[in-house]
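Readers should treat all values here as calculations from the given coordinates under stated rules, not as data from a laboratory. Please read these numbers as outputs of a predicted model, since none were measured by experiment. Heads up, the Cβs are rebuilt from the backbone with ideal geometry, glycines too, and the neighbour counts pull from every protein chain shown.
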Amino acid sequence: MTKYEIMYILRPDLDEDTEKATKEGIAKILTDNGAEINEVKELGKRRLAYEINDLNAGVYVVLYVTAGTEAISEFDRLTKINDNVLRFMTIRDEREQ
């Protein structure tokens with residue numbers, strides 16, 4: 001199992017319930033595929049460096065997870081087709097814990 005840092009950006013115009021459901025759904029994708037979520041940092045709504053789909057802000061969330069490649073592959077596949085997610089990035093976590 002490898003440690004990963006996952007950052008994703010949600011649409012800023014989501015209502016509170018939809019935003020919460022999307023965050024829970026993303027976490028469920030990971031945990032259902034054997035990943036362990038170590039830490040969640042919700043950075044809130046921030047201005048984007050450039051417009052994405054005519055939006056200039058987004059809700060940033062960072063997850064620190066321990067997962068196998070299957071969980072990360074499934075996360076990538078399902079997040080790409082989620083219209084509530086503007087962008088996401090997964091990198092190996094190199095920080096000391």
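A few notes on this one:
- Residue ID - nearest to the chain's Cα centre (by Cα), chosen from residues in region 1-31 that are without any contact (Cβ under 8 Å) to a residue 12 or more places away in the chain and more than 23 Å from residue 55 (Cβ to Cβ): 28
- Reported count of residues in region 1-57, each being of a type in the set (Gly, Ala, Ser), surrounded by 14 or more Cβ atoms within 10 Å (Cβ to Cβ) and in a strand (DSSP E or B), is 1.
- Within region 61-87, tally of residues that are surrounded by 18 or more Cβ atoms within 10 Å (Cβ to Cβ), in a strand (DSSP E or B) and of a type in the set (Phe, Trp, Tyr): 0
- Taking the criterion of being touching a Lys or Arg at 6+ places or on another chain (Cβ under 8 Å), over 12 Å from residue 30 (Cβ atoms) and among the aromatic types (Phe, Trp, Tyr), the only residue of region 41-87 that qualifies is 60.
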